[in-house]
Structures are given as structure tokens and as C-alpha cells.
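Here the structure is laid out as C-alpha cells; the discussion comes afterwards.
The values are calculated or read from the model by the stated rules, or taken from the named source; none is laboratory data. Please read all numbers here as calculations on a predicted model, not as lab measurements. Here the Cβ is made from the backbone with ideal geometry for all residues, glycine too, and neighbour counts use every protein chain on show.
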Amino acid sequence: MNTSSRFVVATHILTALHVLNERGIGAVKSDFLAESVNTNPVVIRRILGQLRKSGLVLSQVGAGGGFSLGRSAGSMTLLDIHRSVEVGSLYHFHYKQPNQSCPIGCTIQDVLQSVFSDAESAVEGVLRGKTLLDMADQMMATAKFQECAALAEAEGRAPSR
């Protein structure tokens, strides 16, 4: 099964934009977000492009430009984020057609199809029930977040206002 980290990275980006906005920082540059995610800015810009297409982020050009949330964190579900950056099914069938003269090979995909459908529905239900605000609030309530935020502030690693 192929897995992608786009959903996790997108959630990281959007949570950062929300938290920084709550602290009075408007537009955030992709370079800062790339540093937070610890990846190449090109990866961040590609995901930001997908999020912008779906209206989850806004972009501003110019010296004070950058990215900000396109709508409130409380109205943005994790399912919205997932659908913005992930394409296709969570599960994939064989890359080659199984042997159709084998009793298992000729029936396994039909049986798995209903299992995959049920699993995807369950995942979507969980993601639909959680908002970006839920995630941010849960994170910010931890002592670990408070410690890291204080350290980042002391070291001047937060974006400027």
C-alpha cells in the first residue's frame, strides 16, 4: 500500500497558520512553514497550492505577504483537509490482476472491496468529526507545546509580526 504524508503535512501547515494567527501574526511565509515541518519549501508550496485551490488558505503577495487561513479553524474539518490534498482510495488492490483461475485470486478483490469501502467510511467519519480548531486546542493545552513555544520565542524562531 502506498502511503502519503500530504495530509499530515497539510494539517501541520494549517495548525501553524491558526496558532500564529491567534498570536497576532497574519500572513506566514512558506519558508517558515517548511522549517516547522522540516522539509523543503517546494514541498510546502505545492501543498499550499492544493489548500489554496480548495479555499483552505489564502495567499498574499509582496513584502508582507505569505499564507493565512481561508476560513475559520472551527469550520475546517480534518476531512476537508484530507480531501484537499489526497487523491484516490486509502487502499489499493493488486498492481497486477490476480490469477483468475485460482479460487482465491478470482474472488479476493470482490470481497475486499466491501471491506475497503467500510474502512474508508469509518475513517471519513472520524475525520469529519474533528476540526482544525479541535486539533490546535488539544495541542496548545499540552505542557510540551507550552515549553516548545517558550523556547522558540526566547530563541527568536517565531515569525515576526
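Any residue in the range 106-125 that is touching a residue at least 40 places away in the same chain (Cβ under 8 Å) and under 15 Å from the mean Cα position of the chain (by Cα)? First the steps, then the outcome.
Going through the range 106-125, the residues touching a residue at least 40 places away in the same chain (Cβ under 8 Å) turn out to be 124.
Going one step further and asking which of them are under 15 Å from the mean Cα position of the chain (by Cα), we end up with 124.
For the range 106-125, residues touching a residue at least 40 places away in the same chain (Cβ under 8 Å) and under 15 Å from the mean Cα position of the chain (by Cα): present.
In the range 22-41, which residues are of a type in the set (D, E, K, R) and in contact with a strand residue (DSSP E or B) (Cβ under 7 Å, 6 or more places away or on another chain)?
The initial filter retains those residues of the range 22-41 that are of a type in the set (D, E, K, R), namely 22-23, 29, 31, 35.
Selection gives Lys29 alone.
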Check your understanding: Which of the residues that make up the range 102-161 are at negative phi, out of contact with any Lys or Arg (no Cβ under 8 Å at 6 or more places or on another chain), of a type outside the set (D, E, K, R) and assigned to a loop (DSSP other than H, G, I, E, B)?
Key -> Cys102, Pro103, Ile104, Gly105, Cys106, Thr107, Gly129, Ala141, Thr142, Ser160
Check your understanding: Assuming Leu48 fulfils every condition listed in (1) farther than 23 Å from Gly129 by Cβ; (2) hydrophobic (A, V, I, L, M, F, W, C); (3) surrounded by fewer than 18 Cβ atoms within 10 Å (Cβ to Cβ); (4) modelled with pLDDT of 95 or more apart from one, which condition is it?
Key -> (3)
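Here's the yes/no breakdown for (1) in contact (Cβ under 8 Å) with a residue 60 or more places away in the chain; (2) within 13 Å of the chain's Cα centre (by Cα):
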position	(1), (2)
Val42	no, no
Leu51	no, yes
Ser75	no, no
Leu78	yes, yes
Ser84	yes, yes
His92	yes, no
Gln97	no, no
Cys102	no, no
Practice item. Give the residues of the range 28-45 that are surrounded by 19 or more Cβ atoms within 10 Å (Cβ to Cβ) and not in a helix (DSSP H, G or I), sorted by residue number. Key: Val28
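Does Leu58 qualify as being in contact (Cβ under 8 Å) with a residue 40 or more places away in the chain and within 30 Å of Gln146 (Cβ to Cβ)?
Numbers: in contact (Cβ under 8 Å) with a residue 40 or more places away in the chain: no; within 30 Å of Gln146 (Cβ to Cβ): yes.
For Leu58, the condition - in contact (Cβ under 8 Å) with a residue 40 or more places away in the chain and within 30 Å of Gln146 (Cβ to Cβ) - is not met.
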Revision key, fill the gap. Picked from the range 5-32 (must be within 18 Å of Arg157 (Cβ to Cβ) and among the β-branched types (Val, Ile, Thr)), the residue modelled with the lowest pLDDT is Ile25
Exercise for review: Quickly run through the range 85-101 and pick out the residues that are in a helix (DSSP H, G or I) and in contact with a Gly (Cβ under 8 Å, 6 or more places away or on another chain).
Suggested key: none
